[in-house]
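I have placed the structure first, in the form of structure tokens, so that the comments after it can refer back to it.
The values are calculated or read from the model by the stated rules, or taken from the named source; none is laboratory data. In this text the structure is predicted, and so the values were computed from the model without any measurement. Neighbour counts are summed over all protein chains in view; Cβ atoms, including those assigned to glycine, are modelled from backbone coordinates with ideal geometry. The area values use the complete protein model at the heavy-atom level, side chains included, leaving out ligands, DNA and RNA. Shrake-Rupley method; radii C 1.70, N 1.55, O 1.52, S 1.80 Å.
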Amino acid sequence: MIRVRDVHKVYQTRFGYKHVLDGVSFDLAMGERLGILGRNGAGKSTLVRLVSGAEHPNAGSIERDISVSWPLAFGGAFQPLLTGKDNIRFISRVYNQNFEANFAFVEDFSELGVYLREPVRTYSSGMRARLAFAISMIIEFDCFLVDEVGAVGDARFHERCNYELFTRRADRAMIIISHDAAYVRDNCTRFAILHDAKLTLYDDFEVAYAVFKDLIGWTPPPGWPNSEAATA
């Protein structure tokens, strides 16, 4: 179980203090997938980083009784001067994993080929994301943090990611952030809207999405088919 209680996060900017999260609270149990909707800059990725432990709240608490991944498709934690292979070796040692088996899996899954033997600093953002996702799959976390995985790679890579996450690890807890509303609808069991630093929870996607569109002022263009509105 993950318990988030009255969490506040404030950043100092050139224009003063920005309250990104204001009294956010929720629980996440094994098997639950919480999909979070919000504008760009609403604080979704900040919340994911707090849950992962990469950052700390200014106030409130986050309790974790289960192991939590780093944000999937996020390559910021790598040592850029090391090769992809050496980063896999390092993480395998940290988590007491078999390096040879892990390298074989990452090499096959990421499809980075010879680039695994090049320094990570030479990778594009997409290549880093592929490496980060593949490495995340070699560590069997109880909760996976999924931050815009759908934005990385081609359709075939997406299918492989979805199989690893939602079929092989269907019993895990997840927090999912995506600008693709259909992805959230199809893969989550609970939903939330992060708006004006407040998080509101919903059990029904259609209700959550209708509220979200109203909050951002979205209106369908002339001739927009009703059947496609939910995937806008």
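What the table shows:
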{"quantity": "At least 27 Å along the helix axis (C-alpha) and Kyte average at least -1.0, DSSP helices within the chain", "calculated": "none"}
{"quantity": "Contact order normalised by residue count of the stretch 83-232, Cα under 8 Å, 6+ apart, percent", "calculated": "16"}
{"quantity": "Net lengthening on full extension, D180/L201 (0.36 nm per residue, minus Cα-Cα)", "calculated": "5.7 nm"}
{"quantity": "Highest-MSF residue in the chain out of T122, T219, T13 [GNM, Cα springs under 10 Å]", "calculated": "T13"}
{"quantity": "The stretch 1-61: chymotrypsin sites (Phe, Trp or Tyr not before Pro) in DSSP loop, at most 14 other beta carbons within 10 Å", "calculated": "F15"}
{"quantity": "Calculated over the chain: convex hull of Cα atoms, volume per residue (Å³)", "calculated": "147"}
{"quantity": "Loop-located trypsin sites (Lys or Arg not before Pro) in the stretch 167-224 whose Cβ has at most 12 other Cβ within 10 Å (DSSP)", "calculated": "R168"}
{"quantity": "Among T189, V146, G126 the positive-end extreme of the charge dipole of the stretch 114-205 (Cβ point charges)", "calculated": "G126"}
{"quantity": "Max mean-square fluctuation residue, GNM over the chain, Cα-Cα springs under 10 Å, options P71, P220, P57", "calculated": "P220"}
{"quantity": "Choice from L72, L82, L34 showing the highest fluctuation, given a GNM over the chain with Cα pairs closer than 10 Å", "calculated": "L82"}
{"quantity": "Whole-Å semi-axes of the stretch 31-140's equivalent ellipsoid (Cα gyration tensor)", "calculated": "27, 17, 13"}
{"quantity": "The stretch 35-183, accessible area per residue, ligands and nucleic acids excluded (1.4 Å, Å²)", "calculated": "45"}
{"quantity": "Restricting the stretch 35-88 to trypsin sites (Lys or Arg not before Pro) in coil, as DSSP defines it, with at most 15 other Cβ within 10 Å", "calculated": "R39"}
{"quantity": "The stretch 17-174, accessible surface, carbon-and-sulfur percent (1.4 angstrom probe)", "calculated": "48"}
{"quantity": "Estimated [θ] at 222 nm from DSSP helical runs (n ≥ 4, -39500 (n - 2.57)) normalised by residues in the chain, nearest 500", "calculated": "-9500 deg cm²/dmol"}
